[in-house]
Structure formats: structure tokens, C-alpha cells
1. On average, how much accessible surface per residue is there in the chain, in Å², for a 1.4 Å probe, leaving out ligands, DNA and RNA?
2. Below 15 angstrom from the Cβ of Gln41, what's the summed charge of the other residues (Lys, Arg +1; Asp, Glu -1)?
3. Per residue and in Å³, how big is the convex hull formed by the alpha-carbon atoms of segment 66-112?
4. State the Kirkwood hydrodynamic radius of segment 20-69 in Å, one decimal place, computed from all pairs of distinct Cα atoms.
5. Given labels modelled 7 Å from the Cα in the Cβ direction, how far is it in nm from Glu70 to Thr49?
6. What is the percent carbon and sulfur in the accessible area of the chain, measuring with a 1.4 Å probe over the protein chains and ignoring ligands?
7. For the chain, go through all pairs of different Cα atoms, get the mean of 1/r, take its inverse, and jot down that Kirkwood value in Å.
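The values are calculated or read from the model by the stated rules, or taken from the named source; none is laboratory data. Note that the coordinates shown come from a computational prediction; the quantities given were computed from them, not determined experimentally. Heads up, the Cβs are rebuilt from the backbone with ideal geometry, glycines too, and the neighbour counts pull from every protein chain shown. With ligands, DNA and RNA removed, areas are computed over all heavy atoms of the protein, side chains included. Shrake-Rupley method; radii C 1.70, N 1.55, O 1.52, S 1.80 Å.
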Amino acid sequence: MDVQKVDMYIMTNAKFFDGDKVPMIRERLLAVDDSKWILLQSQQLKDPTTLLIVSILGGHLGIDRFMLGETGLGIAKLLTCGGLGIWTIIDFFMIQGVAREKNFSKIQNYLY
């Protein structure tokens, strides 16, 4: 793939991935042919900052887990009121990492 396209993609989407995985994504994007470019551009990545805000405001209802596509955990969090508040507090610190891992696994499906 074209170096300029790859660099532009990395610059605009680096916040959606862990910092240590960005060089690996860039390297793999350079090796991929142009036919996968449209598929990559059409992917809806989860914003970790938005998920943190949602987790703070509605985490006790499991909304953050529903947004990540983890329906089972969302229902469990809803029924237990965020694990009596403990699960909610833990998610304040972990939800951004979970969102970045989900984004990375979504991109891996198209790159490998």
C-alpha cells in the first residue's frame, strides 16, 4: 500500500490503538495490497475516550459494555448494578484498554 495512505491512516487512527501496536499495524498496512484499503476505511472503531465518559456516566447500567458489543457482560453489569459499584470503578480504569484491544482485533481480521 502507498506510504502516504498508511501514514495518514496511522495519524488519524492512532488514538484507537495501544501505542505499542501502532508500529506493527503500520508495518502490516505497508505489506497489504490496495484492495483492502476500502475495507479498512469503512471500519467503525470505538473511541476509548468516549467509552470512558460513558463508563463514568452510565457504567453502573452496563452501557459501556453494550457499546463494546459485549452483551452478556452488559446484562450482568445491569442486573448487578455494576457489581455493586465495584465493577463500575474497575471499568473506569480498564475500559479504554478494552476498547483499544477490540479495535486492534477488528483491524487484524482485515490485515491477516
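1. Details: 6500 Å² over 112 residues.
The answer is 58 Å² per residue.
2. Its environment carries a net charge of -1.
3. 63 Å³
4. Across segment 20-69, the inverse of the average 1/r is 13.2 Å.
5. Reported label-point gap for Glu70 and Thr49 is 2.3 nm.
6. Within the chain, the accessible surface is 65 percent carbon and sulfur.
7. Roughly 15.0 Å, rounded to one decimal.
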